[in-house]
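The values are calculated or read from the model by the stated rules, or taken from the named source; none is laboratory data. For clarity, every value in this text was computed on a predicted model and none was experimentally measured. Glycine also receives a Cβ, built like all others from the backbone with ideal geometry; neighbour counts cover every protein chain displayed. Ligands, DNA and RNA are stripped out before the accessible areas are found, and what is left, the full protein with its side chains, is counted by its heavy atoms. Shrake-Rupley method; radii C 1.70, N 1.55, O 1.52, S 1.80 Å.
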Amino acid sequence: MKADPSPRPKILILVSGEGSNLQALIEASRERDYPADIVAVGSNQAKAPALAKAAHANIPTFVIEHGRYGSRDEFDGALMQEIRRHNPDLIVLAGFMRILTEGFVRALRGQLLNIHPSLLPKYTGLNTHQRALNAGDKLHGVSVHFVTEELDGGPIVAQAQIAVGADDSAETLAQKVQAQEHVLYPIVVRWCCEGRVQLGAEQVLFDGQALHQPLVLPAN
Ligand code: GRF
């Protein structure tokens, strides 16, 4: 058989919870023209429902339970070993609820993507929907960014906005934001796998040009 001159990019997805973003990525990756394969799904939570979604899609899974390791370094070392075994081109954090060590993040610079439920740089960390409500924001949303040493602070590739209505609660905002996550994440992952999006020295590059502002899917 002829050797494939351009092997398809390999994605490894890390999860801790429900896996609705994982499911969106699985469905996107099944589209005929999607430019990548999901080669493995890993979790720090053995009971994460996301693992069942991966198994249902016949994607290999692994679990590295953080409670079994004495330090973040040891946990990250075990995670890195498993990642290296699968040799992915891109590692996609999809609701992965562990803070990664600086060394880990530096070693994978430009290969780690995260999705965060706010219009960064607003509201890093938790409870983003309630904080947007408390601030009286009219626009809220989701960001996809490269992971760097700064928590939720790496260069942003793209955002999707939602309008905040007078009747919205943290729960309704969470639902609206998640619906946008499921649209945005597969698009950005596609761009990365096509080589259109890369992490430059300080900024995101889109088609080789520095991106001065994140790309935005506006609220309708
Ligand atoms: C998403 O809201 C994402 O923004 C955040 O964690 C959540 C994961 O949800 N980082 P799911 O597990 O993909 O359903």
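Is the shape of the range 1-108 rounded, prolate or oblate, going by the alpha carbon gyration tensor and its root eigenvalues a ≥ b ≥ c, with a/c under 1.5 for rounded and a/b larger than b/c for prolate?
Working: a/c = 2.19, a/b = 1.39, b/c = 1.57.
Verdict is oblate for the range 1-108.
Any chance you could count the Lys pairs in the chain whose alpha carbons are under 23 Å apart, treating pairs 8 or more apart or on different chains as valid? Mind dumping the intermediate values first?
Numbers: Lys2/Lys10; Lys10/Lys53; Lys53/Lys176; Lys122/Lys138; Lys122/Lys176; Lys138/Lys176.
For the chain, the number of qualifying lysine pairs is 6.
Restricting to Cα pairs below 8 Å that are 6+ residues apart, what does the relative contact order work out to for the chain? Please round to a whole percent.
Details: 416 pairs, mean separation 39.4, N = 220.
Here the relative contact order equals 18 percent.
Where the accessible area of the chain is counted over protein heavy atoms with a 1.4 Å probe, how much of it, in %, is carbon and sulfur?
Details: 5660 of 11390 Å².
Ligands and nucleic acids excluded, carbon and sulfur give 50 percent.
Report, in degrees rounded to the nearest 10, the 0 to 90 angle that the Cα long axis of helix 170-193 makes with the longest principal axis of the chain.
The angle comes out near 40 degrees.
How much accessible area per residue does the chain have, in Å², with a 1.4 Å probe? Please list the in-between numbers first.
Working: 11390 Å² over 220 residues.
Here the per-residue accessible area is 52 Å².
With just the Cα atoms defining each centre, how far is the range 157-193 from the range 64-111? Give it in Å.
About 25 Å separates the Cα centre of the range 157-193 from the one of the range 64-111.
Suppose each label sits 7 Å from its Cα in the direction of the beta carbon; what would the Ala57-Glu18 distance come out to in nanometres?
For Ala57 paired with Glu18, the spin-label model returns 1.6 nm.
Could you run the Karplus curve 6.51 cos²θ - 1.76 cosθ + 1.60 with θ = phi - 60° over the range 11-24 and give me ³J(HN,Hα) per residue in whole Hz, x for Gly and Pro?
So the Karplus estimates, Gly and Pro as x, are 10, 10, 10, 10, 9, 9, x, 5, x, 5, 5, 4, 4, 4 Hz.
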